[in-house]
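The values are calculated or read from the model by the stated rules, or taken from the named source; none is laboratory data. Predicted, not measured: the structure shown is a model, and the values here were computed from it. Note that each Cβ is placed from the backbone with ideal geometry, even for glycine, and that neighbours are counted across all protein chains shown. These accessible areas exclude ligands, DNA and RNA; they are computed on the full protein's heavy atoms, side chains included. Shrake-Rupley method; radii C 1.70, N 1.55, O 1.52, S 1.80 Å.
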Amino acid sequence: TLFGDGNYTVASGVVVAPDGVVATAYHVIDKPPPVLARGVMTHSGKVYAVREILAADKPSDVALLKIDASNLAAAPVSHGDPEGAPVTVISHPSSNFFSLTQGYISRYWAATSYGELTVRMSVTADFADGSSGGPIFNSRGAVTGVVSATDAFGDQMVRRSAAPADAIRRLVRQPAAQPRDPTEAQQE
């Protein structure tokens, strides 16, 4: 994201449909104006402008972006994986592009976010600032979550939380150009 004052932020994401649909964390796109431009860089170094935000779920911290691209290699989205399943995170911590870490799904838990009950996933794979929105892959190469946040428990432990695959799948099933209104989930 490029801002009007010349500053920028770097985050992560994953292509989930070959026609240019990218999943990332909601907080990656939730930036104050003026936002001059948003772009997506593929592993090959090609940069695509973000054309629109297709769907967003603030409480789950997931968003789908559309870029002008076709025939991209897309990762399938998992139907969910159990605690203890091995995972691999590919992200851009502190602009160290395409860093890979491995770990396990340590737990799922319910949390209230923006007044809505949502499910969160915790992993032991390491990540840091700039990793938000990065894919968490299961052992079969499917996206089982996207990086969301870290929470420090004193000086002893850091919980690494993510939006699980179900949150991504809910957005993918929505009609294009219909951003998810967080208040709709309360009516479902």
query: So is Thr9 open to solvent by less than 30 Å² (accessible area, probe 1.4 Å) and within 29 Å of Arg159 (Cβ to Cβ) or not?
result: no
- prompt: Does region 114-128 contain at least one residue that is open to solvent by less than 60 Å² (accessible area, probe 1.4 Å), of a type outside the set (D, E, K, R), assigned to a strand (DSSP E or B) and touching a Leu at 6+ places or on another chain (Cβ under 8 Å)?
  reply: no
task: Would you point out the residue of region 141-165, among those that are of a type in the set (S, T, N, Q) and closer than 14 Å to Asp129 by Cα, that is surrounded by the fewest Cβ atoms within 10 Å (Cβ to Cβ)?
output: Thr150
message: So Ile90 passes all but one of these: (1) without any contact (Cβ under 8 Å) to a residue 60 or more places away in the chain; (2) open to solvent by less than 70 Å² (accessible area, probe 1.4 Å). Which condition number does it fail?
response: (1)
- request: Those residues that are touching a residue at least 60 places away in the same chain (Cβ under 8 Å), of a type in the set (A, V, I, L, M) and either assigned to a strand (DSSP E or B) or at positive phi (or both), I need them from region 59-78; list them, please.
  value: Val62, Ala63, Leu64, Val77
field: Failed condition for Pro76, given (1) touching a helix residue (DSSP H, G or I) at 6+ places or on another chain (Cβ under 8 Å); (2) at pLDDT 90 or above
entry: (1)
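Please work out if Ala25 is closer than 13 Å to Gly134 by Cβ and touching a residue at least 12 places away in the same chain (Cβ under 8 Å). Talk me through it step by step, then tell me what you get.
Values: closer than 13 Å to Gly134 by Cβ: yes; touching a residue at least 12 places away in the same chain (Cβ under 8 Å): yes.
Answer is yes for this residue.
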- prompt: Looking at this structure, is Lys31 open to solvent by 30 Å² or more (accessible area, probe 1.4 Å), within 17 Å of Thr1 (Cα to Cα) and not in a strand (DSSP E or B)?
  reply: yes
